[in-house]
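Step one of this worksheet: look at the structure below.
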Ligand code: 5IU
């Protein structure tokens, strides 16, 4: 059967990339396909949110460069929380430069992303060299890292459509040891594939941003769909939720954050159970 009709557990047992395997295992163990996007600028809020949502998530998605008071201990603490509460870390860095530059951006600078992020992502726009550049760092790491390609975006008028998406999927197929899946809005197995392209063991994870239960969008082009649309109908594996959980106000209410995380976890898991039961 196609990957999205199999259980996360069966997929974990079969997956050959250690980061993908760890994520699928965690999803099965904690019964959650929820990733929370912690888009805040103060380190205190960052950790308050992570501690509130930790029991309900498989993945924490960061934009480490928006923290105004970042210091090296932040990523050390983040790693500690990840192992304590069993979740993975996804730095949403969206690399998009030549191979040599992305390798440096991934490994160096002040953030040293490859030291602590299990998963990162990249725009396919530079061509395969963006993958090989990042792989030169990620595949050397003793803890195997995984890369997601941005095959589609959730925003109005995004250029990631048609042949661009098809070519992104074709690129990923050439580097299956490191590319574990896509940021996309639907499954990609059929995209641009002739029968001979798809091998039985191909299992790309689909992580979908643009998920909300209450709002349809924001004032800056974001568009939201529900967990049922994203997971049951479109076959995505992980729902990425930011403001639906952390809110839009300046102050964080950890009780609300916790309740919303529980709500999205339940909705995401029910959408998955409905999918694999079909
Ligand atoms: N994000 C998107 N859409 C995309 C991609 C990334 O929303 O197509 I690629 C990121 C941006 C933000 C998070 O960090 O996912 C979604 O946050 P909200 O749930 O608050 O809209």
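Taking other C-beta atoms within 10 Å as the exposure proxy, 104, 213 rank 104, 213 from fewest upward.
Beyond 13 Å, what percent of the Cα pairs of region 28-86 remain?
Values: 1005 of 1711 pairs.
Of all Cα-Cα distances in region 28-86, 59 percent exceed 13 Å.
Taking the square roots of 5 times each eigenvalue of the Cα gyration tensor of region 227-278, largest first, gives ellipsoid semi-axes of 26, 11, 6 Å. Counting only DSSP beta bridges whose two residues both lie in the chain, roughly 5 percent are antiparallel. Model label points for residue 86 and residue 254, set 7 angstrom from Cα along the Cα-to-Cβ axis, are 2.2 nm apart. Only DSSP H runs of four or more residues enter the estimate; each adds -39500 (n - 2.57), and after division by the residues of the chain the mean residue ellipticity at 222 nm equals -11500 deg cm²/dmol.
So what is the orientation-averaged projected area of region 27-170, using the convex hull of its C-alpha atoms, in nm²?
Values: hull surface 37.5 nm².
If I average the Cα hull's projected area over directions, I get 9.4 nm².
Computed FRET efficiency, Cβ-Cβ of residue 41 and residue 98, R0 22 Å: what is it to the nearest 0.05? For residue 41 and residue 98, the calculated efficiency is 0.15. Once the Cα-Cα distance is subtracted from the 0.36 nm per residue extended length, the residue 129 to residue 164 segment shows a gain of 11.0 nm.
Note on region 88-145: Kirkwood hydrodynamic radius from all Cα pairs is 11.0 Å, rounded to one decimal.
First obtain the Kirkwood hydrodynamic radius of region 135-278 from its Cα pairs, then insert it into the Stokes-Einstein equation at 20 °C and 1.002 mPa s, and state the resulting D in µm² per second as a whole number. Once the numbers are plugged in, D ends up at 129 µm²/s.
Please report how far the C-alpha centroid of region 200-228 lies from that of region 107-147, rounded to the nearest whole angstrom. Taking the Cα centre of each part, region 200-228 and region 107-147 sit 24 Å apart. Taking the fewest neighbouring Cβ atoms within 10 Å as the starting point, the ordered list for 178, 90, 47, 204 is 47, 178, 204, 90. Spread over its residues, the convex hull of the C-alpha atoms of region 130-169 is 75 Å³ per residue.
Take the Cα pairs of region 160-235, get the Kirkwood Rh, then feed it into Stokes-Einstein at 25 °C and 0.890 mPa s and tell me D in µm²/s. Walk me through the numbers before you get to the answer.
Values: Rh = 13.7 Å.
Using the Kirkwood radius from Cα pairs, D works out to 179 µm²/s.
Of 248, 161, 101, the sequence from fewest to most neighbouring Cβ atoms within 10 angstrom is 248, 161, 101. With Cα atoms as the point set, the radius of gyration and Dmax of region 1-105 evaluate to 15.4, 48 Å.
Cα convex hull of the chain: mean projected area in nm², to one decimal? Don't jump to the answer; show the numbers that get you there.
Values: hull surface 54.1 nm².
Dividing the Cα hull surface by four gives the mean projection, 13.5 nm².
Each reported figure results from applying straightforward, stated rules to the coordinates on display, with no laboratory input. In this text, all values refer to a predicted model and were calculated from it rather than measured experimentally. Neighbour counts run over all protein chains shown; Cβ positions are idealised from the backbone, glycine included.
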